[in-house]
Amino acid sequence: MINNVTLVGRLGHEVELRFLPSGKPVTRLRIATDASYTNSDGQRVEQADWHSVVVYGRSAENCHQYLGKGSLVYVEGSLKNRRWVD
């Protein structure tokens, strides 16, 4: 089975670098992807979806150093769904 995801979008906030108890760097990116279409009434509709991406190690450090809010990013990785009860 293949579990591969490719996202191209813009960052919704500044990149904050944190460290795990083991000392390994980690950051969470919020990426907005958008699409537009014309509905049945002829109106143009824009739609945005938000994605949480977790980056570890040297890649997390690079994200913190080179990316900022609004940066266009290309991300490849595997998809993991997390569910929680409010």
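Before moving on, here are some points about what is shown:
- The set of residues in region 61-86 being loosely packed, with under 10 Cβ neighbours inside 10 Å and assigned to a loop (DSSP other than H, G, I, E, B) consists of S78, L79, K80, N81, R82, R83, W84, V85, D86.
- V8 surrounded by 10 or more Cβ atoms within 10 Å (Cβ to Cβ), in a strand (DSSP E or B) and in contact (Cβ under 8 Å) with a residue 60 or more places away in the chain: yes
- Single unsatisfied condition, T27 versus (1) in contact with a His (Cβ under 8 Å, 6 or more places away or on another chain); (2) at pLDDT below 95: (2)
- Residue pairs whose Cβ atoms lie under 7 Å apart, sitting 6 or more positions apart in sequence or on different chains, and linking a residue in region 71-82 that is touching a residue at least 24 places away in the same chain (Cβ under 8 Å) and more than 14 Å from N3 (Cα to Cα) to a partner that is assigned to a loop (DSSP other than H, G, I, E, B) and of a type in the set (A, V, I, L, M, F, W, C), are V73/L67.
- Cβ pairs under 8 Å, 6+ apart, first in region 40-60 and open to solvent by less than 100 Å² (accessible area, probe 1.4 Å), second aliphatic (A, V, I, L, M) and assigned to a loop (DSSP other than H, G, I, E, B): A60/L17
The values are calculated or read from the model by the stated rules, or taken from the named source; none is laboratory data. Small disclaimer: the values here were computed from a predicted structure and weren't measured. A quick note on method: Cβ atoms are made from the backbone with ideal geometry, for glycine too, and the neighbour counts reach across all protein chains shown. Just so you know, the surface numbers come from the protein's heavy atoms only, side chains and all, with ligands and any DNA or RNA stripped out. Shrake-Rupley method; radii C 1.70, N 1.55, O 1.52, S 1.80 Å.
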